[in-house]
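The structure appears below as structure tokens.
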């Protein structure tokens, strides 16, 4: 189910896995293939992951190693995704997904591992559940942004109905995601991504008429307008969206995590090197809170 050591290294590189992690993962891969119990668990994990391949919004519970914490436990999801890769690629081929889109989408595994290393200083997968969307054919990297095939839920549906869009619950929509390590969130880059997405989903998922783009992120917190210039990339990004609903629960660790790399950093010691760093840290140090914003715009 897993490729041999030489091929495994090449597959990991294709998935964007940092070079610093390759040797350790290849050694662990041999351990997995030599252990019948681990292989059985791997087979069951892959079966769970690929069940309902391509189904938008399908829930997946990845199996976990019931072991004490260690390198193999942190990295086990890598082997699940590698073993599932033939299923994902087959689905992409069946849909006619271009090879470059497939490659860039699945390379989010490496980006996720880079985030883990930045935060913890060691090999691991930061958010395995998030990556299930990529390997199940639900999410695609198109330029600067990622687009997840999803369906309209009740709370957001109410906001869209109030705005005059008569959309039933379950109507196909696209969730926008902003990946890390991919340069500025410039208006031009976002325009290009949206144009690519319009062409991509019309061609490769013609049966799904996506009526709205949705986004939930701390980047949509309107309080950012108090700290950032009107022509900043973040404010320009916010201007694309209409408010769907407002969150009342603080989410202070979200901007700390995405701006500084670690949600557990001491607020008083946060750096002030950029306008965004100053905005996030100064607001918290003044006793304020950050919130997740929920936005949408019609497609």
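FYI, it's all coordinate maths here, none of it is from the lab. Only a predicted model underlies this, so the values are computations on that prediction, with no experimental measurement involved. Positions of Cβ are backbone-derived with ideal geometry, glycine not excepted, and every protein chain shown enters the neighbour counts.
Which peptide among 261-272, 8-19, 109-120 comes first, and what is the full order, when sorted by highest mean count of other Cβ atoms within 10 Å?
Working: 261-272: 11.8, 8-19: 17.2, 109-120: 19.2.
Per-residue mean Cβ counts within 10 Å order the peptides as 109-120, 8-19, 261-272.
With a Cα-only, solvent-free Debye model of segment 138-299, what are the log10 I(q)/I(0) values at q = 0.14, 0.19 Å⁻¹?
Here the Debye-derived log intensity ratios amount to -0.76, -1.25.
If you take the square roots of the eigenvalues of the alpha-carbon gyration tensor of the chain and sort them as a ≥ b ≥ c, do you get rounded (a/c under 1.5), prolate (a/b over b/c) or oblate?
Values: a/c = 1.96, a/b = 1.29, b/c = 1.51.
Oblate is the answer for the chain, as a/c is 1.5 or above yet b/c matches or exceeds a/b.
Report the label-to-label distance for residue 180 and residue 103 in nanometres (one decimal), using points 7 Å from each Cα along the Cα→Cβ vector.
Those two pseudo-labels are separated by 2.5 nm.
Return P(r) of segment 202-250 (all Cα-Cα pairs; 10 Å bins starting at 0; whole %; ordered from short to long distances).
With a bin width of 10 Å, the distribution comes to 20, 41, 25, 13, 1.
For the chain, what does the helix formula give at 222 nm: sum of -39500 (n - 2.57) over DSSP H segments with n ≥ 4, over the residue count, nearest 500 deg cm²/dmol?
So the calculated ellipticity at 222 nm is -14500 deg cm²/dmol.
Given the options 105, 253, 123, state which has the largest fluctuation in a GNM of the chain using a 10 Å cut-off (strictly under) for Cα springs.
Highest fluctuation of the listed residues: 253.
Please sort 44-57, 79-92 by packing, taking for each peptide the average over its residues of neighbouring beta carbons within 10 angstrom, highest first. Could you put the intermediate results ahead of the total?
Values: 44-57: 17.1, 79-92: 20.0.
For the peptides 44-57, 79-92, the packing ranking is 79-92, 44-57.
Hey, any idea what Rg/Rh is for segment 1-137, computing Rh the Kirkwood way over Cα pairs?
Values: Rg = 14.0 Å, Rh = 15.0 Å.
In segment 1-137, Rg relative to Rh is 0.93.
Using alpha carbons only, how many degrees (0 to 90, rounded to 10) separate the axis of helix 5-14 from the longest principal axis of the chain?
Helix 5-14 and the main axis of the chain meet at about 10 degrees.
Multiply the residue gap between residue 51 and residue 22 by 0.36 nm, knock off their C-alpha separation, and tell me the result in nm, one decimal place. Don't skip to the end; give the middle numbers.
Values: separation 29, 0.36 × 29 = 10.44 nm, distance 2.83 nm.
Net length gain for the segment: 7.6 nm.
Taking 7 Å along the Cα-to-C-beta vector as the label spot, tell me the residue 168-residue 282 distance in nanometres, rounded to one decimal.
According to this spin-label approximation, the distance is 5.0 nm.
Efficiency by 1/(1 + (r/R0)^6): what FRET value for residue 275 and residue 247, r their Cβ-Cβ distance, R0 = 30 Å, to the nearest 0.05?
Once rounded, the FRET efficiency stands at 0.80.
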